[in-house]
Amino acid sequence: MSLSRLVFFSRTNIKIGESAGMIRGMLQACSEYSPVSGLTGGLVFNEKFFMQVIEGSRDQVSKQLKILYEDNRHEELTVLSVSEIYRREFEGWAVGYAGRTIDAERLYMRYCPTVDINPTIMSAEALFNFIRDFCALETLYVQRAGIGETRASAPQPQAVMPQRPPQPQRPTDAPQTIKVINTKIPGTA
C-alpha cells in the first residue's frame, strides 16, 4: 500500500461573529485525532480559508476528502495536488489558527506577497511548505496530537526555521489542480 498526500484549501463558510467559537472548536478537534485512522497532516485556518495537508493511504485520503467535501463549514474546495509520496512529513495531526503574531507574519511573508495569507495565489508546494512550517511553530495557536505531540514540551528556537531537504518527486499522472465547487442546496444533507 503506497502513501499519498493531498494539498488543498477552501473558503470558510462561517458567519461573522462565529469565528471565536470556530477557533476554539478547531483547536479542540485536534485532541480527537486517532493514529488508528492512518492519517497524518496539518490544518491551518483563519476567518477566510482552511488550508490542509492530509497524508495516508490513497483509500483513506480519498475517504477523508469526501467527508470534507460534505462539511458545511467550508465551500469552494480546491485541490492543489494529489501525489504519491515516499515518506510522511507530519508525525501526527496539527491544527493551527493563522492569526496575527510576529512569528506567523514572518512565515506569511516567506510564502505570500503580503502578511495576509492567501492560498488562492500560492502553488501547491508553497502551500504545503507553509502548512508544515506553521504547524511546527511553538505557539498557543497550534495544537498537536498523535506521535508528535510530545514536541510541545520541548520548546524549539523560533527565529530559525528548520530547512528540510527536498523530497524526491516521481512523475505522476495525477492532476495538478482540481476545483470542486460545493453544489449543496442550503438546508439539505
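The values are calculated or read from the model by the stated rules, or taken from the named source; none is laboratory data. Treat the numbers as computed from the prediction; the structure is a model and nothing was measured. Heads up, the Cβs are rebuilt from the backbone with ideal geometry, glycines too, and the neighbour counts pull from every protein chain shown.
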One residue from SER19, SER62 being polar (S, T, N, Q) and modelled with pLDDT under 80: SER19
Answer yes or no: is there a residue in the stretch 30-53 that is among the hydrophobic types (A, V, I, L, M, F, W, C), closer than 22 Å to ASN129 by Cα, at pLDDT below 70 and surrounded by 14 or more Cβ atoms within 10 Å (Cβ to Cβ). yes
Matching residues, the stretch 80-124, being of a type in the set (Asp, Glu), surrounded by 15 or more Cβ atoms within 10 Å (Cβ to Cβ) and at pLDDT 90 or above: GLU89
Residues of the stretch 127-138 satisfying the condition of being at pLDDT below 95 and either of a type in the set (Lys, Arg) or over 13 Å from VAL44 (Cα atoms) (or both): GLU138
Of the residues that sit in the stretch 35-52 and are among the small types (Gly, Ala, Ser) and part of a strand (DSSP E or B), which one is nearest to PHE90 (Cα to Cα)? GLY41
